[in-house]
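Worksheet: the structure to be examined is printed underneath.
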Amino acid sequence: MKGGRKLDPEERILWGKVAKSTRAIPGRMKEILEFEKQEEERLAAEEAAQKAAREALKPKPPPRLITQVVEPQAPAPTYRPPVQHHPLEKPVKKKLAKGRLPIEARLDLHGLYQDEAHDLLLDFLLRAHERGLRHVLVITGKGSSMGSEGALRRAVPLWFSKAEFRFLISSYEWAARHHGGEGAMYVRLARSRTGGGLE
């Protein structure tokens, strides 16, 4: 069995069949078994090599790209300082109190519920602003801490800081005693492009 040319695959198969159907010559059985073992190992190695070659020829999937999702950031809000109404200047308040500066319109909110008073006051100030009026009187009433008039006295200055009122008003101040004192307010309206009287 040693030396000589190597058998091709068909010859090996044929030799295997012949070897199984014959009886070995005494003393040669060991060589036959060794040959069969080598053939099995060779076939297993060939099969593994063919499998590796097939795997190598398979197209490889593209590498997975790990991307980090970046959430778009909202632009930082621009800071706008809150509109603060300054009190009327003392000379202006004195002129209003003494009648040297006319109060061009007045609104009395006595006896109204807050929602009614809010809507009426907003309408009044809008119309006054559109007409170009500058100084008006808003009467809330002093009331008591338990009454609705006291609630209006507290509520109106808070309303003035809300968006719907802010652009209408330049400043405000509690009125002089004869105009209602702390139950009324002088309100200076912001300047308007139009002019005229309040209906």
Review point. Cβ-Cβ below 8 Å, separation at least six or inter-chain, first residue in the stretch 103-126 and in contact (Cβ under 8 Å) with a residue 60 or more places away in the chain, second part of a helix (DSSP H, G or I): which pairs?
Key: Ile103/Leu96; Ile103/His179; Glu104/Ala128; Ala105/Phe124; Ala105/Ala128; Leu125/Phe165
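A quick yes/no check of all residues on (1) in a helix (DSSP H, G or I); (2) modelled with pLDDT of 90 or more; (3) of a type outside the set (Ser, Thr, Tyr); (4) within 21 Å of Leu112 (Cβ to Cβ):
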| position | (1), (2), (3), (4) |
| --- | --- |
| Leu137 | no, yes, yes, yes |
| Gly141 | no, no, yes, yes |
| Glu149 | yes, no, yes, yes |
| Leu152 | yes, no, yes, yes |
| Phe165 | yes, no, yes, yes |
| Glu173 | no, no, yes, no |
| Arg193 | no, no, yes, no |
| Glu199 | no, no, yes, yes |
Exercise for review: State all residues of the stretch 89-106 that are closer than 13 Å to Ala184 by Cβ and part of a loop (DSSP other than H, G, I, E, B); if no residue qualifies, say none.
Suggested key: Ile103
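The values are calculated or read from the model by the stated rules, or taken from the named source; none is laboratory data. This one's a predicted model, so the numbers in the text were calculated from it and none came from an experiment. Here the Cβ is made from the backbone with ideal geometry for all residues, glycine too, and neighbour counts use every protein chain on show.
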